[in-house]
Amino acid sequence: MEQKKNEIKFRIEIERKKKWKKFCSDKNISLTSLIINSVEGKILENDRRQIIAFIEKQDNLFVKIETNINQVAKIVNGQKFISEIEMKNFSSQLLEIAILKKKQNEMFEKIYSMLAK
């Protein structure tokens with residue numbers, strides 16, 4: 001890792017600094033990170049953490065949903081019918097997939113817009 005060698009000092013209004021500090025506190029990032037990433041047009045650490053957490057959660061949920069879909073298919077193929085309860089469970093899993101896909105698309109749009117800057 002490159003060693004920090006320089007400092008940059010600049011003047012800023014007290015109220016603006018308070019707003020920036022609050023923003024950083026809300027996002028759980030440092031003021032230095034905010035300034036550097038903003039100037040360099042990079043994704044903020046908080047956004048990066050949210051993206052990674054979302055992808056991990058999505059991955060785990062998709063595995064669970066895929067397992068449930070396979071179980072439903074196995075039951076239907078074996079019994080040649082599906083109960084109302086199993087059909088409701090299956091439908092809720094499909095709804096969950098749709099919601100996750102919508103969130104995924106929103107996240108990707110955010111990533112693309114940040115990369116386009």
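The values are calculated or read from the model by the stated rules, or taken from the named source; none is laboratory data. These figures come from a predicted structure and were not determined experimentally. When we count neighbours, we look across all protein chains shown, and the Cβ atoms used for this are built from the backbone with ideal geometry, even at glycine.
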Within the range 28-61, which residues are hydrophobic (A, V, I, L, M, F, W, C) and more than 20 Å from N105 (Cα to Cα)?
I29, L31, L34, I35, I36, V39
Those residues that are surrounded by fewer than 12 Cβ atoms within 10 Å (Cβ to Cβ) and of a type in the set (A, V, I, L, M, F, W, C), I need them from the range 56-93; list them, please.
V63, F81, I85
Looking at this structure, is K64 at pLDDT 80 or above and under 24 Å from F108 (Cβ atoms)?
yes
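So that you can scan it fast, the table gives a plain yes or no per residue for (1) within 19 Å of the chain's Cα centre (by Cα); (2) in a helix (DSSP H, G or I):
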{"site": "E2", "(1), (2)": "no, no"}
{"site": "I8", "(1), (2)": "no, no"}
{"site": "W20", "(1), (2)": "no, yes"}
{"site": "S38", "(1), (2)": "no, yes"}
{"site": "F54", "(1), (2)": "yes, yes"}
Which of the residues belonging to the range 6-26 are closer than 17 Å to S38 by Cβ and among the charged types (D, E, K, R)?
R16, K17, K19, K21, K22, D26
Pull out all pairs, ordered by first then second residue, where Cβ-Cβ is under 7 Å, the residues are six or more apart or on different chains, the first lies in the range 1-24 and is charged (D, E, K, R), and the second is surrounded by 10 or more Cβ atoms within 10 Å (Cβ to Cβ).
K21/L31
